[in-house]
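J.: For reference, the structure I am asking about is given below.
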Amino acid sequence: MTRSRKDQSCLAVLTLVLAAGCGGNSDNGPTPTVSSTTPANAATGVALNGSFTATFSEAMQASSITAATFTLTATGAAAVAGTVTYAGTTGVFKPASNLAANTAYTATIGVGAKSAAGKALAASYSWHATTGSADTTRPTVSSTVPANAATGVSLDGNLAVTFSKPIDPASIVITLKSGTAAVVGAVSASGVTGNFKPSLPLAANASYTATVTAAKDLSGNALASNYSWSFVTGTTTDTDAPAVSSTVPADGASSVATNTAISVSFGEPMGPTTITAASFTLTSPGAVAVAGTVTYAGVTATFQPAGLLANNTIYTATISTAAQDLAGNALAAGHSWSFTTGAAADTTPPTVASTSPLPGAIGVGATAGITATFSKAMAPLTISSSTFTLTGPGNAAVSGTVVFDAPNKVATFQPSTSLAANTSYQATVEGGASGVTDLAGNALASNDVWGFTTGAHATLAPVLLGSAVNYVILAKSAVSTVPTSAVTGDVGLSPAAESYLTGFALTDATGYATSTQVVGKLYAADQTPPTPSIMTTAVSDMQTAYTDAAGRPTPDFLELGTGAIGGLDLAPGLYKWTSTVTIASDVTLTGSATDVWIMQISGDLTMSSAKHVFLAGGALAKNVFWQVAGTVDLGTTAHFEGIILSQTAITLETGASMNGRALAQTAVSLDAATVTQPAP
């Protein structure tokens with residue numbers, strides 16, 4: 001869809017049609033207005049299978065937003081048949097069938113639309129758009145608040161998700177969980193932003209995972225898959241008032257283009273439903289209100305005048321205290337600024353003034369953000385994960401988020417995971433009709449494309465197990481088996497006594513015991529010396545190894561898959577998750593015999609039944625370390641590879657197997673399981 005305003009004559013078509021009968025208004029509250037529409041007024045190339053939306057300045061009576069008050073007509077034709085829904089502050093008109101191609105349509109909100117307080121629109125509101133072709137492009141998530149892996153998050157726990165395109169507010173489902181416990185809350189949406197507001201404050205210093213499980217754009221295209229991200233709370237709620245950080249035009253600016261939009265950026269994310277035509281206004285001399293629409297993305301609100309501004313005229317923009325942040329804190333005071341127009345419109349296309357990395361750069365860091373700095377102020381709504389992309393070998397898309405720093409005119413693509421070592425990548429900022437535009441609606445003339453190559457990843461040293469390497473199973477409180485298990489290697493237990501080696505049908509010897517289920521020996525803290533002291537040292541070495549693995553800094557991969565790693569092929573490196581990791585389908589670790597993997601897991605590690613961890617390319621189990629703060633559960637008949645260093649318990653369910661070591665600071669439990677020590 002074209003987001004420009006090049007056809008300036010079309011902008012005059014936006015009309016406020018005075019209604020003949022405005023009866024029904026009461027004095028309860030302000031008069032509602034239409035804050036924004038999709039498509040925008042005078043838009044071209046509108047999807048044939050799309051819907052029309054109107055977002056209001058306040059909550060409306062759902063019963064008043066119907067097919068009688070929200071209508072769509074083709075030029076010179078009868079009304080279009082369709083259905084009307086209402087959610088949050090947005091009404092949606094969905095045509096019963098595809099619209100005609102290359103046809104102008106006019107949408108109208110009538111004065112029968114009423115606010116929750118019963119106050120009607122002062123006048124009918126109409127806008128028009130011209131169709132193009134059908135839209136089959138799926139929406140994507142451009143950014144989230146909090147960001148993935150954020151720490152110290154406010155206990156208010158209010159979430160925001162910015163999508164690459166406007167979303168049907170009735171289609172969004174957002175969930176929030178702490179472990180497996182779901183958080184109760186309310187979901188709302190406006191424009192390109194969805195929100196989740198918990199009913200109660202979140203727990204302090206706790207890990208949470210948020211997931212968008214459903215969302216459709218206005219053409220009915222759904223997200224390709226669920227989108228999840230994780231964060232850790234702090235200890236306080238957010239009680240600070242938000243503030244305006246910058247405006248375009250700046251206060252006191254002169255010779256401002258008559259076709260510009262006005263934008264304001266805040267110091268923190270705001271509640272999108274509070275950024276409306278009621279809270280963001282523009283007036284000309286004599287305090288005459290300028291008609292226009294208001295949109296919000298990231299931390300920036302944009303007021304789009306309905307037509308050209310007057311030449312050589314002073315205008316005043318105002319953000320009122322009705323604007324609130326995600327925690328519900330209002331601006332401490334209204335913020336106003338003024339500027340003076342010139343005598344001409346802005347028709348100069350923007351350019352990408354600089355990039356990071358530079359075109360052709362080599363040795364780029366694996367976790368580097370990719371940035372594009374523009375030559376002029378840009379329209380934030382046009383900069384998203386659909387217009388700023390990154391691809392790798394084979395033109396494969398790289399998953400990531402896009403944020404736009406409006407004051408500094410910088411867009412940043414942040415890959416979701418570390419980039420591969422010694423690999424070429426290509427970044428693209430899209431231009432043309434469906435690309436990024438400046439605040440005057442001028443599009444980037446063409447795609448801006450540049451490439452770069454990453455450097456080598458730092459060599460990762462293996463975790464040294466000390467004397468704990470002598471045991472295939474080592475625990476502190478108990479080792480149990482439901483016969484018959486098959487263990488290859490020695491089993492150690494300390495400070496617990498031999499009586500806590502259960503289910504093995506032990507045969508005692510001097511300083512150790514044997515079992516038909518173990519190809520090796522079983523040791524415990526109360527056996528004949530020097531076994532007790534040897535076991536004390538082994539357990540101490542196990543704890544030291546756990547601390548080493550947990551403390552490795554600067555992960556190569558942070559929150560990969562937000563903990564859902566099933567189906568992935570994991571390159572060597574340091575991985576970190578601040579929540580539970582699940583293996584719901586087979587996982588492959590591909591690397592050489594000298595490559596090392598260290599998995600830092602703050603939550604549990606859960607592997608589904610009959611799933612596998614595979615090693616490929618010569619990778620060895622002795623070089624794979626799973627440091628798990630929580631419990632480890634390997635499902636029935638699952639197969640696992642690597643060294644498990646668990647701060648709590650390890651369980652192998654019926655028929656599960658592992659090639660590696662099970663080293664637990666509490667207990668290890670086997671149920672007819674197979675544990676084999678790795679090759680040296």
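The values are calculated or read from the model by the stated rules, or taken from the named source; none is laboratory data. All of these numbers come straight from a predicted model, not from anything done at the bench. Because the Cβ atoms are built from the backbone with ideal geometry, glycine has one as well, and the counts that use them run over all protein chains shown.
J.: Strands (runs of 3 or more DSSP E) wholly in the range 610-650 with at least 1 residues that are crowded, with 23+ Cβ neighbours inside 10 Å, in contact with a Lys or Arg (Cβ under 8 Å, 6 or more places away or on another chain) and hydrophobic (A, V, I, L, M, F, W, C) - which ones?
T.: It comes to 639-646.
J.: Let me ask you something else. Filter the range 515-536 for residues that are surrounded by 15 or more Cβ atoms within 10 Å (Cβ to Cβ), more than 14 Å from Ser485 (Cβ to Cβ) and either touching a residue at least 40 places away in the same chain (Cβ under 8 Å) or under 53 Å from the mean Cα position of the chain (by Cα) (or both) and give the result.
T.: Of everything in the range 515-536, those that are surrounded by 15 or more Cβ atoms within 10 Å (Cβ to Cβ), more than 14 Å from Ser485 (Cβ to Cβ) and either touching a residue at least 40 places away in the same chain (Cβ under 8 Å) or under 53 Å from the mean Cα position of the chain (by Cα) (or both) turn out to be Lys521, Tyr523, Ala524, Ala525, Asp526, Thr531, Pro532, Ile534, Met535.
J.: Restricted to the range 262-278, and to residues that are surrounded by 23 or more Cβ atoms within 10 Å (Cβ to Cβ) and over 14 Å from Pro242 (Cα atoms), which residue is modelled with the lowest pLDDT?
T.: Step by step, filter the range 262-278, then rank; the result is Thr273.
J.: Taking the range 306-357, which residues are more than 20 Å from Asp238 (Cα to Cα), in contact with a strand residue (DSSP E or B) (Cβ under 7 Å, 6 or more places away or on another chain) and of a type in the set (Asp, Glu)?
T.: Across the range 306-357, there are no qualifying residues.
J.: State yes or no: is Leu331 touching a residue at least 40 places away in the same chain (Cβ under 8 Å) and over 28 Å from the mean Cα position of the chain (by Cα)?
T.: no
J.: Here is a check on your reading of the model: is Thr44 at pLDDT below 95 and outside any loop (DSSP other than H, G, I, E, B)?
T.: When the stated conditions are applied, Thr44 passes them.
J.: Also, I was wondering about something else. What are the residues in the range 574-589 that are over 12 Å from Ile601 (Cβ atoms) and surrounded by 23 or more Cβ atoms within 10 Å (Cβ to Cβ), if any?
T.: Once the filter is applied, which keeps residues that are over 12 Å from Ile601 (Cβ atoms) and surrounded by 23 or more Cβ atoms within 10 Å (Cβ to Cβ), the range 574-589 yields only Leu589.
J.: Looking at the range 537-562 only, could you name the residues that are within 16 Å of Trp597 (Cα to Cα), crowded, with 18+ Cβ neighbours inside 10 Å and under 24 Å from the mean Cα position of the chain (by Cα)?
T.: Residues satisfying the conditions are Pro555, Asp556, Phe557, Leu558, Glu559, Leu560.
J.: Which residue pairs have Cβ atoms closer than 9 Å, lie 6 or more positions apart in sequence or on different chains, and pair a first residue in the range 603-614 that is farther than 8 Å from Asp633 by Cα with a second residue that is surrounded by 21 or more Cβ atoms within 10 Å (Cβ to Cβ) and among the charged types (D, E, K, R)?
T.: Correct list of pairs: His612/Glu641; Val613/Glu641; Phe614/Glu641.
J.: Follow-up. Given the structure, is Ser124 surrounded by fewer than 22 Cβ atoms within 10 Å (Cβ to Cβ) and in the same structural domain as Tyr227 (by TED's automatic domain parsing)?
T.: For Ser124, the condition - surrounded by fewer than 22 Cβ atoms within 10 Å (Cβ to Cβ) and in the same structural domain as Tyr227 (by TED's automatic domain parsing) - is not met.
J.: If a residue must be modelled with pLDDT of 90 or more and not basic (Lys, Arg), how many such residues does the range 547-564 contain?
T.: Looking only at that region, the number is 5.
J.: Now for a different question. Can you tell me which of Thr85, Thr136, Thr193, Thr180 is in the same structural domain as Thr37 (by TED's automatic domain parsing) and either of a type in the set (Ser, Thr, Tyr) or within 20 Å of Ser36 (Cα to Cα) (or both)?
T.: Thr85
J.: On to the next question. In the range 306-329, which residue that is at pLDDT 95 or above and not in a loop (DSSP other than H, G, I, E, B) is surrounded by the most Cβ atoms within 10 Å (Cβ to Cβ)?
T.: The qualifying residue surrounded by the most Cβ atoms within 10 Å (Cβ to Cβ) is Ile319.
J.: What's the number of the condition Thr453 fails, among (1) among the hydroxyl-bearing types (Ser, Thr, Tyr); (2) more than 29 Å from Pro380 (Cα to Cα); (3) not in a loop (DSSP other than H, G, I, E, B)?
T.: (2)
J.: Okay, moving on. Can you spot a residue in the range 229-239 that is farther than 23 Å from Val299 by Cα and in contact (Cβ under 8 Å) with a residue 60 or more places away in the chain?
T.: Yes, the range 229-239 contains a residue that is farther than 23 Å from Val299 by Cα and in contact (Cβ under 8 Å) with a residue 60 or more places away in the chain.
J.: Of the conditions (1) modelled with pLDDT under 95; (2) surrounded by fewer than 18 Cβ atoms within 10 Å (Cβ to Cβ), His457 satisfies every one except a single condition; which number is it?
T.: The single condition His457 does not satisfy is (2).
J.: Scanning for something under 21 Å from Ile565 (Cα atoms), in a loop (DSSP other than H, G, I, E, B), at pLDDT below 95 and not hydrophobic (A, V, I, L, M, F, W, C), does the range 594-601 turn up at least one residue?
T.: yes
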